[in-house]
Amino acid sequence: FSQKDSRISGLNLGFNTPDAKETVLNNRKHLFQSYGIDSETVVFCNQVHGINVEEVTSPGFIDSTDGLITSEKNLGLCILVADCAAILFHDKESGFIGALHAGWRGTHGRILPKALEMLQEKGSSLKEINFFISPCISLAKFEVGNEVADEFPEIVVNRTDFEKPHIDIRKMLLLQLQEFGIQQDQIEVNNQCTFEDENNFYSFRREGKQSGRLMAFIQLI
């Protein structure tokens, strides 16, 4: 999972930002080279805050998709975020890896359960999957309207400590994993808040349309 880098103009990795396309391409090249990855062997998707998950077998660009899975070696899956959670996972049993983009819409729409159901259809028992949930906006900073809060179970909504409701995306994702019997030792969660830590993370809530994008990346070698 990438972080901002003051040495190279913040290391913005998203095209839907004020930075020039050439700058973003150079940033992506720098990131991939630092991990020894060929930038021609990765998959990006046009994220729309939806729940579509695609199985991919070759590099390229997938339209209207917020989740990618593959069992192909040396094929990198990329997700861009700036407050939403990125979820990466590896199934040691089936050989599948995945990358999901989960903001409140994708989380509410159950993109994570959808991906798990796809893996089950491919024969996974889910017992051998390791998950990573990236830094994202925290409950303390994620203010929403009642119309959004009402869509979530009250266990992930705080209506008492703030002027308006706040929701906990991380907690909702963990609850969804628990539904499938995923154990705590299968899950790694980074609890850093993208909104609060402006030195290391971009945040759309904090910066608006000027915000850059962070990248979550996974590849089976």
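Between rounded, prolate and oblate, where does the chain land on the alpha carbon gyration tensor, with a ≥ b ≥ c its root eigenvalues, rounded for a/c under 1.5, else prolate if a/b exceeds b/c? Display every interim value, and only then the final one.
Working: a/c = 1.84, a/b = 1.07, b/c = 1.72.
Cα axes put the chain in the oblate bin.
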*Mean separation of Cα contacts under 8 Å (6+ apart) over length of segment 1-145, as relative contact order %*: 18
*Mind grabbing the base-10 log of I(q)/I(0) for segment 81-140 at q = 0.15, 0.21, 0.28 Å⁻¹? Debye formula, identical points on the C-alpha positions, no solvent, two decimal places.*
-0.46, -0.80, -1.16
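Within the P(r) computed for segment 100-221, what percentage of the Cα pairs occupies the region above 22 Å?
40
Using packing as a proxy for protection, rank 43-49, 96-102, 177-183 so that the peptide with the highest average count of other Cβ atoms within 10 Å comes first. Provide the component values of the computation, followed by the final result.
Working: 43-49: 18.6, 96-102: 26.0, 177-183: 14.4.
Sorting 43-49, 96-102, 177-183 by mean packing, highest first, produces 96-102, 43-49, 177-183.
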*Restricting the count to DSSP beta bridges whose residues both fall in the chain, what percent are antiparallel, rounded to a multiple of 5?*
65
*Which residues in segment 73-117 have a backbone N closer than 13 Å to a point placed 7 Å from the Cα of Asp38 along the Cα-to-Cβ line?*
73-76
*Surface accessible to a 1.4 Å probe, per residue, for the residues of the chain, Å²*: 48
*Between exposed trypsin sites (Lys or Arg not before Pro) in the chain, where DSSP calls loop and at most 15 other Cβ atoms lie within 10 Å, what's the longest gap?*
1-72
*Taking 7 Å along the Cα-to-C-beta vector as the label spot, tell me the His49-Ala20 distance in nanometres, rounded to one decimal.*
3.1
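The values are calculated or read from the model by the stated rules, or taken from the named source; none is laboratory data. On a predicted model such as this, the values are computed, not experimentally measured, just so you know. Cβ: placed from backbone, ideal geometry, glycine included. Neighbour counts: every protein chain shown. Ligands, DNA and RNA are stripped out before the accessible areas are found, and what is left, the full protein with its side chains, is counted by its heavy atoms. Shrake-Rupley method; radii C 1.70, N 1.55, O 1.52, S 1.80 Å.
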